[in-house]
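Here is the structure we will look at, set down as structure tokens.
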Amino acid sequence: MSALLLVCVLLVLSKTKAIEVQSWTPCTDLRPLDMLSEVFSSPGNTFNKVRMVQSQGARGFRLSVFPHVLSFPSTRLFHNCHLFPEEFSIIITLKVPNIPSKKNEYLFTMVTERSKHVLLGIRYSENKLHFLFWSPEHYNGLKTKVTFRGILLADNQWHTLVLAVSGNSVSLTIDCSVPVEIVLDKPFPVSLNTTGSSIYVGSRRRRKGFFSGLMRQLVLLPGSDATTTICPNARPRLAELSIPEVLKELPVKTEDSEVHLMYPFAALPKEADMKVTLGQQPPCTDSEMSQFWIDTSLKGLFLCNGVKWITVLERKERLDYVEEYQNLATTSETMGLEIFHIPGVGHFAVMANRNNQPGSVLYKWSDGKFKVHQYFITYQAQAWKHFTIGKRIFLALANFEKNDDGEELSIIYKWNPKKGKFLQYQKIRTYSARDWEAFQIDGDTFLAVANHREGNNHNINSVIYKWNSTTGLFEINQTIPTSGAYDWEFFSIGPYSFLVVANTFNGTSTNIQSHIYIFLGDTFRPFQSIMTFGASDWEFFRIQDRFFLVVANSHNYNIGAGTQELKNSYVINSTIYELNITGQVFVKFQDILTYSAVDWEFFTVGEDYFLVVANSFDGSSFAVNSVIYRWQGYEGFVAVHYLPTYGCRDWEAFNTSSGSFLMYSSAKEPIARVLKLKTL
């Protein structure tokens, strides 16, 4: 967008009626104009009419229902002249709860005080956003309305909008995603006069249509499109150009609950009783709102927000050492492990066991131990994946071999609450399936299977299935060519969704490209290719505002082209990649020497970040140490604990009321081990 600068021109009629330009200056500063800060700097007790709320890790204002309080004269912005800029962008960060259909709410308006005409404004409804402005050539209060359809803001999540105007073009960018552009029949007016008008935040000067959500940012940027300034962004939903200073610091850590921060933004009674409870955790309801609880065992101070206890001060846990907690005899060697939790029921661990008889086993956590809960008939099971669709709970099983009828099928099981077991739900044809990955995009549920080979052919299609809510079944949505696919990993960064495949073997070599795909439109498209060496696992993780992918390289096997040289090594580097946000590409961050690595698991203890690798084979022995690495900032990940394992295949981290644990499975012995993380 070109930077067209609006100028005020002093027009003076000469004796011959000729028009001459005497001087010019911008009507307003060409810097971000923070309208939210401006309204709070107005005379009067504005702060007593708003409430500052912390939600999903960010602060915002819940506005007053008295529109006249949240307004200020337009002359505070347009101090050199009274013309609105003809090229500009408006940046808004907001969090909107569910909004009834056919209801509209205003984000801001510019209203003439005498005629009550809306000169300019933005309002939204259930699935639309409207940009309104008045043109001088229109009479009787007629306005131009630009409507963006299919805009879903009322999902109780933070979103940042950039509405940019230049000539005939109006574009809308949400969360730094691809902008949507509408071309106008006539350009935005060059002479929109703001004389005698006021700016109203969250309303159009009356209670009807008042904004009911949280507002964090409301900025006018004259002369340019702010999208290129704030995007790309590590936190696109909270991308900021300018916000009030009071919203920048977070007082307490929260998850998804809202914390209402009364002072100094809402009137407090002259005297307030403060109650502090010691001992075991008391209930937290409306009656305990703003009361404190001190947990003497954890040495922590907690505040009740009416829903749950929020940490105010807490002793920071640090990992001290790892101890053996439970040796779990399995029916046979275990190729994969999945740990999950069913609300109201408990924690479960399901094993993908190699032998067909008695098959694979589901264990339930009971009295601080895993105990057998259910058996499944499986055929050299490789992996399980737990996922939910609404209140329905599923397990997807990847079978590697054909069943007794000669069919190669993987199975989806559904939890039956009455029987307390998983029952067979759907069969899907697969080809030496190694892995399932379940994920959701825009409310749709998908399953991706890693098909390893068909016969001796490793270069086959893996398949992405989509849930059909009408039939209640998964149906083929897309096929992707893969080479000995071993693992899928789904992850999201801002509004973008990705899938990365671990390609292991193409029939002659393990030194092949693994691919990252990005979801655009309704399909996954190639995004980036990375050279891997017998890749068997990808793990995505985030540390603060940095995004990482780590690959488990298991085997460097290749016959040199035109020579008889054979490369055959299991002691090779696995690599951590970091997203370069500016370049929009993953770049190498750190190499870690591994021993036929087949799995990575990321976990946290207190404020520390860890990776544990499943080392399985050093070329001569399966008795190899697996290693826990701790994040050391500039140094990257540094080895801190060496764990004796035998043919280690999979790691899972989990937490229960008994503490924090790691569990690993072995592909070379019928045993799985639970390790307890001992903290300081």
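The values are calculated or read from the model by the stated rules, or taken from the named source; none is laboratory data. None of these values were measured; they are calculated from a predicted model. When we count neighbours, we look across all protein chains shown, and the Cβ atoms used for this are built from the backbone with ideal geometry, even at glycine.
At-a-glance table
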{"read-out": "Odd one out for I480 among (1) closer than 29 Å to E635 by Cα; (2) of a type in the set (A, V, I, L, M); (3) at pLDDT 95 or above", "value": "(1)"}
{"read-out": "Test for T109: is it over 30 Å from the mean Cα position of the chain (by Cα) and of a type outside the set (K, R)", "value": "yes"}
{"read-out": "Condition met for P189 (touching a strand residue (DSSP E or B) at 6+ places or on another chain (Cβ under 6 Å), surrounded by 13 or more Cβ atoms within 10 Å (Cβ to Cβ) and in contact (Cβ under 8 Å) with a residue 12 or more places away in the chain)", "value": "no"}
{"read-out": "Count of residues meeting criterion [free of Cβ contacts under 8 Å to residues at least 40 places away in the same chain and more than 25 Å from L153 (Cβ to Cβ)] in the stretch 77-130", "value": "2"}
{"read-out": "Tally, over the stretch 158-181, of residues that are out of contact with any helix residue (DSSP H, G or I) (no Cβ under 7 Å at 6 or more places or on another chain) and buried (at least 16 other Cβ atoms within 10 Å of the Cβ)", "value": "10"}
{"read-out": "Matching option when the condition is of a type in the set (G, A, S), touching a Gly at 6+ places or on another chain (Cβ under 9 Å) and at pLDDT 90 or above, among S197, S177", "value": "S177"}
{"read-out": "Single residue of the stretch 259-298 satisfying the filter (among the hydroxyl-bearing types (S, T, Y) and touching a Gly at 6+ places or on another chain (Cβ under 8 Å)) that is modelled with the highest pLDDT", "value": "T285"}
{"read-out": "Pick from the stretch 69-112, criterion charged (D, E, K, R) and under 16 Å from L192 (Cβ atoms), ranking: surrounded by the fewest Cβ atoms within 10 Å (Cβ to Cβ)", "value": "E86"}
{"read-out": "Test for L184: is it among the hydrophobic types (A, V, I, L, M, F, W, C) and surrounded by fewer than 23 Cβ atoms within 10 Å (Cβ to Cβ)", "value": "yes"}
{"read-out": "Qualifying positions in the stretch 575-614 - within 27 Å of Y321 (Cβ to Cβ), among the aliphatic types (A, V, I, L, M) and free of Cβ contacts under 8 Å to residues at least 24 places away in the same chain", "value": "L593"}
{"read-out": "Test for G619: is it assigned to a loop (DSSP other than H, G, I, E, B) and touching a strand residue (DSSP E or B) at 6+ places or on another chain (Cβ under 8 Å)", "value": "yes"}
{"read-out": "Which listed residue is part of a strand (DSSP E or B), modelled with pLDDT of 95 or more and farther than 15 Å from L238 by Cα, from L161, L172, L221", "value": "L172"}
{"read-out": "The stretch 340-362, residues that are surrounded by fewer than 21 Cβ atoms within 10 Å (Cβ to Cβ) and within 21 Å of S657 (Cβ to Cβ)", "value": "F340, H341, I342, P343, G344, V345, G346, H347, L362"}
{"read-out": "Residues of the stretch 557-572 satisfying the condition of being modelled with pLDDT under 95 and either outside the structural domain of I516 (by TED's automatic domain parsing) or surrounded by 12 or more Cβ atoms within 10 Å (Cβ to Cβ) (or both)", "value": "Y557, N558, I559, K567, S569"}
{"read-out": "Selected residue (criterion: surrounded by the fewest Cβ atoms within 10 Å (Cβ to Cβ)) from residues of the stretch 489-529 that are touching a residue at least 24 places away in the same chain (Cβ under 8 Å) and closer than 22 Å to T160 by Cβ", "value": "P495"}
{"read-out": "Residue that is nearest to F661 (Cα to Cα), among those in the stretch 595-611 that are of a type in the set (D, E) and part of a strand (DSSP E or B)", "value": "E601"}
